[in-house]
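The values are calculated or read from the model by the stated rules, or taken from the named source; none is laboratory data. Owing to the predicted nature of the structure, the values given are computational and were not obtained by experimental measurement. Ideal geometry is used to build each Cβ from the backbone, glycine not excepted, and the neighbour counts take in all protein chains shown. Each accessible area value is taken on the protein alone, full model and side chains, heavy atoms only, with ligands, DNA and RNA left out. Shrake-Rupley method; radii C 1.70, N 1.55, O 1.52, S 1.80 Å.
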Amino acid sequence: MNMTRVVLLDNEAVQALRDPAHRKHQRALDEVAFAFRRAVRALRVRVAVPAAVRVEAGWDRTAAAWAFINRFPITDIPLDAGHADVAAGIANRTGVSVADAHLGAAIRAAEADHVTVLTSGPVGMRKAAEGRHIKVVAL
């Protein structure tokens with residue numbers, strides 16, 4: 001049986017991947033590269049970013065400043081009505097930011113055997129996950 005994995009990025013992970021001079025760039029790059037290497041070995045791995053995180057990070061896929069990170073096949077998780085309702089509930093219950101609440105909604109909706117979140121705020125991410133089992137990789 002093939003295991004499925006999803007790796008979700010928070011704002012800090014996006015910022016680190018964007019800028020090679022960022023002090024956390026190599027760590028974030030290593031984690032994303034590892035995920036993609038696993039995908040090549042026939043594991044089903046997807047690296048994704050919730051739309052609210054992209055907005056918080058200022059990630060405009062059409063801007064030249066984001067060319068480096070745009071080279072990776074990172075998929076967007078839209079903030080549709082269903083995710084918005086779940087994220088609003090998470091934000092109301094936990095007090096996390098909109099972006100972290102959208103990450104929480106993405107965690108809840110993930111159809112994967114393993115969910116990993118690259119984050120600079122592991123405590124907030126665990127709050128947003130609301131008890132769902134996730135692997136938190138602190139940058």
Could you give the size of the charge dipole of the stretch 64-115 about its Cα centre, using +1 on the Cβ of each K and R and -1 on the Cβ of each D and E, expressed in debye and rounded to the nearest 20? 160
Roll a 1.4 angstrom probe over the protein heavy atoms and tell me the percent of accessible area of the chain that is carbon or sulfur. 53
Residue-wise HN-Hα coupling along the stretch 118-124, computed from phi with Karplus coefficients 6.51, -1.76, 1.60 (Hz; x: Gly, Pro): 8, 8, 9, x, x, 5, x
So if I place +1 on the C-beta of Lys and Arg and -1 on the C-beta of Asp and Glu, and nothing else carries charge, what would the dipole magnitude of the chain be about its Cα centre? I want it in debye, nearest 20. 500
Using θ = phi - 60° and the Karplus form 6.51 cos²θ - 1.76 cosθ + 1.60, what ³J(HN,Hα) does each residue of the stretch 22-32 get, whole Hz, x for Gly and Pro? 4, 5, 9, 4, 5, 4, 5, 4, 4, 5, 5
In bins 10 Å wide, starting from 0, what share of all Cα pairs of the stretch 52-105 does each bin hold, as a percent? 25, 43, 25, 7
Give me the dipole magnitude in Debye, nearest 20, for the stretch 29-103 about the Cα centre, with unit charges on the beta carbon: positive for Lys and Arg, negative for Asp and Glu. 460
What accessible area per residue comes out for the stretch 97-139, rounded to a whole number of Å², with a 1.4 Å probe? 45
Any residue on another chain or 5+ positions along whose placed amide H is under 5 Å from the amide H of SER120 is listed here as GLU12, ALA13, LEU139
In the chain, if every C-alpha pair distance is counted and binned at 5 Å from zero, what percent goes to each bin? 2, 11, 21, 24, 21, 13, 7, 1, 0
Going by amide H atoms built from the backbone, whose H comes under 5 Å of the H on VAL47, apart from near neighbours? VAL7, THR75
